[in-house]
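Below is one structure, written out as structure tokens; comments come after it.
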Amino acid sequence: MTYSDPAKADLHRYLQEARDALLWKLEGLSEYDVRRPLTPTGTNLLGLVKHAAGVELGYLGDTFWRPSGEPLPWLAEDAEVNADMWAAPDETRDAIVGLYRRAWAHADATVEALPLDTTGTVPWWPEDRAELTLHHAVVRVIADTSRHAGHADILREQLDGATGERPGATSLPSADPAWWAAYRDKLERAAREAAEPGDDPTTGPGSHATP
């Protein structure tokens, strides 16, 4: 998508980078790995994509009276809590990724069609504060997508060590596992030195230290 309005072009650039990063985190993984919960609260890669699709269709579609027509049963009032955050066995990866890409196209068309100061109404917000501009809505979607792309980055690193926005562009200082092992050990030592009396660095979430 190319916009003649520089402000729209800037917004779209950062949104698309976050979108692409989120989808890249699925590439090369098994069906199990894209779906399985990787945190105590169940965060999983394919669920993040499913959620992001609904966010775009809501904030950059319905909010500006431009419904997509996409069926999203997991967002219905009687849907199971958190149903947009994970993929059921009959929801295929291709279907969810396809929905997300269609959500991009629908959202981009909304941004192209309307001035950034257009006012919309968020259907699921309290009525007394449900109005927002298109500019606000796009920034909100960028923030949400970027946040979840960060979640996905950490989840993918846990699975196979892959990191970064896209293949070949990690923005990391080294690709050497030995360098990272030494770096992590240095951080562990620094954390232990800074620990307050009574802290136990050998227990708790994320601890890999040897007493």
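The values are calculated or read from the model by the stated rules, or taken from the named source; none is laboratory data. None of the values given here were measured: they were computed from a predicted structure. Heads up, the Cβs are rebuilt from the backbone with ideal geometry, glycines too, and the neighbour counts pull from every protein chain shown. These accessible areas exclude ligands, DNA and RNA; they are computed on the full protein's heavy atoms, side chains included. Shrake-Rupley method; radii C 1.70, N 1.55, O 1.52, S 1.80 Å.
Worth a mention:
- Failed item in (1) exposed (fewer than 13 other Cβ atoms within 10 Å of the Cβ); (2) in a helix (DSSP H, G or I), with ALA149 passing the rest: (1)
- Test: residue in the range 53-71 that is under 17 Å from the mean Cα position of the chain (by Cα) and either among the hydroxyl-bearing types (Ser, Thr, Tyr) or more than 21 Å from ILE142 (Cβ to Cβ) (or both): yes
- So LEU99, is it under 19 Å from ARG35 (Cα atoms), surrounded by 14 or more Cβ atoms within 10 Å (Cβ to Cβ) and at pLDDT 95 or above: yes
- Residue in the range 13-25 that is assigned to a helix (DSSP H, G or I), surrounded by 12 or more Cβ atoms within 10 Å (Cβ to Cβ) and among the small types (Gly, Ala, Ser) present: yes
- Odd one out for ASN82 among (1) in contact with a Leu (Cβ under 8 Å, 6 or more places away or on another chain); (2) surrounded by fewer than 18 Cβ atoms within 10 Å (Cβ to Cβ); (3) modelled with pLDDT of 95 or more: (1)
- Cβ-Cβ under 9 Å pairs, at least 6 apart or on other chains, the range 182-197 side free of Cβ contacts under 8 Å to residues at least 24 places away in the same chain and open to solvent by less than 80 Å² (accessible area, probe 1.4 Å), far side of a type in the set (A, V, I, L, M, F, W, C) and in a helix (DSSP H, G or I): none
- Residues in the range 121-142 that are assigned to a helix (DSSP H, G or I) and open to solvent by 60 Å² or more (accessible area, probe 1.4 Å): GLU127, ASP128, ARG129, HIS135, HIS136, VAL139, ARG140.
- Count of the range 152-174 residues, restricted to those that are exposed (fewer than 15 other Cβ atoms within 10 Å of the Cβ) and in a helix (DSSP H, G or I), is 4.
- Residue in the range 36-53 that is surrounded by 15 or more Cβ atoms within 10 Å (Cβ to Cβ), in a helix (DSSP H, G or I) and in contact with a Gly (Cβ under 8 Å, 6 or more places away or on another chain) present: no
- Residues within the range 75-108 that are in a helix (DSSP H, G or I) and without any contact (Cβ under 8 Å) to a residue 12 or more places away in the chain, tallied: 6
- Among all positions in the range 189-204, there is at least one residue which is of a type in the set (Asp, Glu), more than 25 Å from the chain's Cα centre (by Cα) and at pLDDT below 85.
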